[in-house]
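A short worksheet on the structure shown next.
We did not get these values from a lab; they are worked out from the coordinates using the rules stated. Small disclaimer: the values here were computed from a predicted structure and weren't measured. Every residue, glycine as well, gets a Cβ built from its backbone with ideal geometry; the counts of neighbours run over all protein chains shown.
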């Protein structure tokens, strides 16, 4: 499986008990959508490989108690801690027309309400505190926070992101 065709579902946070169970933390808005999964992809040696689940039980706070086939003791489960969990993009739940996944915005044209067209989204940056749109503007990379007061509308059909940049944001990036 190619990482470009997947999304990161979460990660394995710690071992739980002595029988090979682990605690998985999901980085999703609706963890209940994933209660019935039977396998995930884990990254090992820069490749994604399928790992089959014996169980995947929902816990509070986006956590799941997971047991992988062939991982039957604490030592085996320890090797999984810190590993990211992936699923194919096709497994993402369908969204309403006015909703979008951040990865879908790559390639969309960004238009500011006062400055006009700025360029196309080249990358989405996932910082722990927020997500950012990365695009080239006048030969410089600028980063735009994905926040409701900045991103006004996304038109998926037209592949456009409409925004209202805070005063001075562009100028910060254009200074030498």
For peptides 119-130, 136-147, sequence by mean Cβ density within 10 Å, most packed first:
136-147, 119-130
I need the peptides 53-59, 161-167 ranked by packing, meaning the mean over residues of other C-beta atoms within 10 angstrom, with the highest value on top.
161-167, 53-59
Hey, could you grab the Kirkwood Rh for the chain? Inverse mean 1/r over distinct alpha carbon pairs, Å, one decimal.
18.3
Shape category assigned to the range 102-174 from the gyration tensor of Cα positions, a/c cut at 1.5
rounded
Fluctuation leader among 62, 33, 45 - the chain, Gaussian network, Cα springs under 10 angstrom
45
Give me the percent relative contact order of the chain, please, defined on Cα pairs under 8 angstrom at least 6 residues apart.
18
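Express the relative contact order of the range 102-174 as a whole percentage, based on alpha carbon pairs under 8 Å and six or more residues apart in sequence.
Relative contact order, the range 102-174: 28 percent.
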Restricting things to Cα coordinates, could you compute the convex hull volume per residue of the range 1-93 in Å³?
86
Specify the inter-centroid distance of the range 104-161 and the range 13-38, based on alpha-carbon positions, in whole Å.
32
